[in-house]
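Asker: Below: one structure in structure tokens.
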Amino acid sequence: MEANVKASLPQTKRTAENTQKRLDLGEHAELIAAIVSGIIILAAWIFKNEVSYSFWITLNLAAFAIGGYAKAKEGITETIEHKELNVELLMFLAAIGSAAIGYWTEGALLIFIFSLSGALETYTMNKSNKEISSLMELQPEQALRINDGIEKIVPVAELKVGDIIFVRASERIPADGVITRGLSNVDESAIRGETSIDESAITGESVPASKGIDQEVFAGTVALDGSLTVKITKSANETLFQKIIQMVQSAQEEKSPSQLFIERFEGAYVKTVLAVVILMMFLPYFLLDWSFTHSVYRAMILLVVASPCALVASIMPATLSAVSNSAKRGILFKGGVHLENLSQVKAIAFDKTGTLTNGKPVVTDVHITEGFNKEEIISIVGAIEKESTHPLAKAITAYALNNEDGTIPEVHNMNTISGNGVQATVDGVQWKVGKANFIGSIESLMYKDGMAKKLAEQGKTVVFAKRNEQIVALFALKDTIRKDTVKAIKTLKAHGIKTFMLTGDNEVTARAIAEETGIDSYIAECLPNDKVNHVKELRKQYNNVAMIGDGINDAPALATANLGIAMGEGTDVALETADVVLMRDELSKLPNAIQLSARMNRIVKQNIFFSLTVITALIASNFFQAIDLPLGVIGHEGSTILVILNGLRLLK
């Protein structure tokens, strides 16, 4: 079986691929149509006196058709399917009504503004569906099943509980199970030791986990330095990895309270306006002795001034201005609703690795046995670790390169002992570099008066170096916090926001990081479903909760939170699932974004109040025959321009 094969259950993957093809073909069409419609409207306005009236009408009809097709189709289709009128239908009736009494430009502009807002919304929503495709790349399609000593490559979907599969070093594990046998890279003989498993796809932790016989392994994780025989414990559609996918999908399908309110309001608003327009067409004719032409004229004015054009403009320009402003500052919002919600957040849950920390272990402490040359020991250990691909080995190698004395010793007989460390020969001397159990538990515990225990209590990982039968060095490594983490946490707390850390790391490391960063509270040893449950509990307690993470394991929690925030260097899945992306990984930008959100909400409220006041005044004036259609259009469009200009203040 080929190493690093791509992942997914065949049926699920085919569905995702088909969906992706549809998105690639259609996600830009609506936006392009809206922009083309706007260009045609502009051309018709500029050249109105230069072209024939019939050609000018044709241009406006083209703008109607191109810009309005998608929303008109949506409005009609939903009306038929749900037996419920909607705002899309009202907007186009208002546009047609404007054209019917000679105001073509006003009707076309109405369609353009509404179709543009809908196109941008559609484009953003389509983008959020792509993370499922990214997830599919991380679970193998095939597995090497062993049955009565016979090896056979089979689809992952055919695996059953109790099946035995073989996973080579560097391959992804295709299904959840327990290790029944490990093979070292030394002599391919059965061992009772441990092997390293890269579980970053599940836990988000940068340091591989050591796994031994009868310990559980998960689909989508990688066997780093040894081959494994695994007994399947869960069917392919019940693995932890599949649950991550299902949780992301489920959370994304949930509608926010504001969205539900809009949907309830929509039908009632449209019915009310249409009912009043119909009454306006006939009642004055019968009750007030108006002419039928005058009654229809007043009804068309009502349809124009009652259209929510100013209300649409109250939100969208302000939102786009704020989104543009935040993008310049390195914060990407995938929709205005997320920027609106940010200032309402009362608690924020942080992932640890790659979010509060840099996501890569570095050497923080080095202790050398007295009588040995420090530079020489560091150089030898660095040369040995250079031959390993383990993240801790890479960190020690990087440290050695910055501290070596210029000479690089030659390494011979390099062997990796799965899950324990490495051994090699340098200048005829036997060296071992690795964990305490590999070096010698008692010796390691006693080294430097128990220095290893003290360092471990600080959340650091300890690596020993042994020369022949003597420990000569101790290296402590830690995933260091980002330079702006403490400042960001302090600022958020000053704004009254509670801070929490959800991490897959152990209790000791979690406590050390929480104390160092100033986090209010922390929860250690969290699997993805644990993070989801804790986020749900936080939502019950604080109502509005944000989750910040960077890994695949964070995706379900990001989708479950009221607001998901991803680090810019995070995984594709986290970036696509999140509502907000910190492009430069700067947590210190988050408080500024919260202030911008609060400012945007104030301006939007101002705009909504103003536009509703103008609409109410125009409707009342129309009933009392105090305005005609041109004045109604001027009042309607004038209020739209004013709220747009007010929203543009957010660009600064």
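Asker: Restricting attention to the stretch 486-516, which residues are farther than 21 Å from Cys526 by Cα and either touching a Leu at 6+ places or on another chain (Cβ under 6 Å) or not in a helix (DSSP H, G or I) (or both)?
Answerer: Ala488, His495, Gly496, Ile497
Conditions (1) on the phi > 0 side of the Ramachandran plot; (2) surrounded by fewer than 22 Cβ atoms within 10 Å (Cβ to Cβ); (3) free of Cβ contacts under 8 Å to residues at least 60 places away in the same chain; (4) not assigned by TED's automatic domain parsing to the domain that holds Thr509, marked per residue:
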residue	(1), (2), (3), (4)
Asn415	no, yes, no, yes
Trp431	no, no, yes, yes
Asn437	no, yes, yes, yes
Ala456	no, yes, yes, yes
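Asker: If you check every pair at least six apart or on different chains, which have Cβ atoms under 8 Å apart with a residue in the stretch 291-305 that is under 13 Å from Leu274 (Cα atoms) first and a residue that is surrounded by fewer than 23 Cβ atoms within 10 Å (Cβ to Cβ) and among the hydroxyl-bearing types (Ser, Thr, Tyr) second?
Answerer: Correct list of pairs: Val304/Tyr103.
Asker: Also: Could you count how many residues in the stretch 545-593 are basic (Lys, Arg) and either in a helix (DSSP H, G or I) or on the phi > 0 side of the Ramachandran plot (or both)?
Answerer: From the stretch 545-593, those basic (Lys, Arg) are 584, 589; that's our starting set.
With the extra rule that they be either in a helix (DSSP H, G or I) or on the phi > 0 side of the Ramachandran plot (or both), the set shrinks to 589.
Summing the residues that are basic (Lys, Arg) and either in a helix (DSSP H, G or I) or on the phi > 0 side of the Ramachandran plot (or both) in the stretch 545-593 gives 1.
Asker: If you don't mind, another one. Hey, does the stretch 201-208 have a residue that's part of a helix (DSSP H, G or I) and either at pLDDT 65 or above or of a type in the set (Asp, Glu) (or both)?
Answerer: Going through the stretch 201-208, the residues part of a helix (DSSP H, G or I) turn out to be 201-203.
Imposing the further condition that a residue be either at pLDDT 65 or above or of a type in the set (Asp, Glu) (or both) reduces the set to 201-202.
Yes, the stretch 201-208 contains a residue that is part of a helix (DSSP H, G or I) and either at pLDDT 65 or above or of a type in the set (Asp, Glu) (or both).
Asker: Related question: Could you tell me which residue of the stretch 582-620 is nearest to Val277 (Cα to Cα), considering only residues that are buried (at least 22 other Cβ atoms within 10 Å of the Cβ) and in contact with a Gly (Cβ under 7 Å, 6 or more places away or on another chain)?
Answerer: Here the answer is Leu618.
Asker: Given the options Ile76, Ile41, Ile35, name the one that is at pLDDT below 85 and in a helix (DSSP H, G or I). Spell out the reasoning first.
Answerer: Values: Ile41 fails: at pLDDT below 85; Ile35 fails: at pLDDT below 85.
The match here is Ile76.
Asker: OK, next. Kindly evaluate Met451 against the criterion of being assigned by TED's automatic domain parsing to the domain that holds Ala524 and hydrophobic (A, V, I, L, M, F, W, C).
Answerer: So Met451 does not fit the description; no.
Asker: Return the only residue of Thr397, Thr407 being among the polar types (S, T, N, Q) and closer than 24 Å to Asp479 by Cβ.
Answerer: On the way: Thr407 fails: closer than 24 Å to Asp479 by Cβ.
Answer to the check: Thr397.
Asker: Now a separate question. Step by step: first the residues of the stretch 337-374, then only those that are acidic (Asp, Glu) and at pLDDT 90 or above, then the one that is farthest from Asn592 (Cα to Cα). Which residue is that?
Answerer: So in the stretch 337-374, the residues acidic (Asp, Glu) come out as 340, 351, 365, 370.
Narrowing the set further to residues that are at pLDDT 90 or above leaves 351, 365, 370.
Working: Asp351: 20, Asp365: 36, Glu370: 51 Å.
So the residue we want is Glu370.
Asker: Please work out which one of (1) at pLDDT below 85; (2) in a helix (DSSP H, G or I) is the condition Gly102 fails and give its number.
Answerer: (2)
Asker: Please go through the stretch 361-413 and give me each residue that is β-branched (Val, Ile, Thr), without any contact (Cβ under 8 Å) to a residue 60 or more places away in the chain and under 24 Å from Gly459 (Cβ atoms), ordered by number.
Answerer: Thr397
Asker: Criterion first (touching a helix residue (DSSP H, G or I) at 6+ places or on another chain (Cβ under 6 Å) and over 30 Å from Met446 (Cα atoms)) does Gly549 satisfy it?
Answerer: Details: touching a helix residue (DSSP H, G or I) at 6+ places or on another chain (Cβ under 6 Å): yes; over 30 Å from Met446 (Cα atoms): yes.
Here the answer is yes, as Gly549 does meet what is asked.
The values are calculated or read from the model by the stated rules, or taken from the named source; none is laboratory data. Predicted model, so just to flag it, every value in this text is computed and none were measured. No Cβ is skipped: glycine too gets one built from the backbone with ideal geometry, and neighbour counts run over all protein chains shown.
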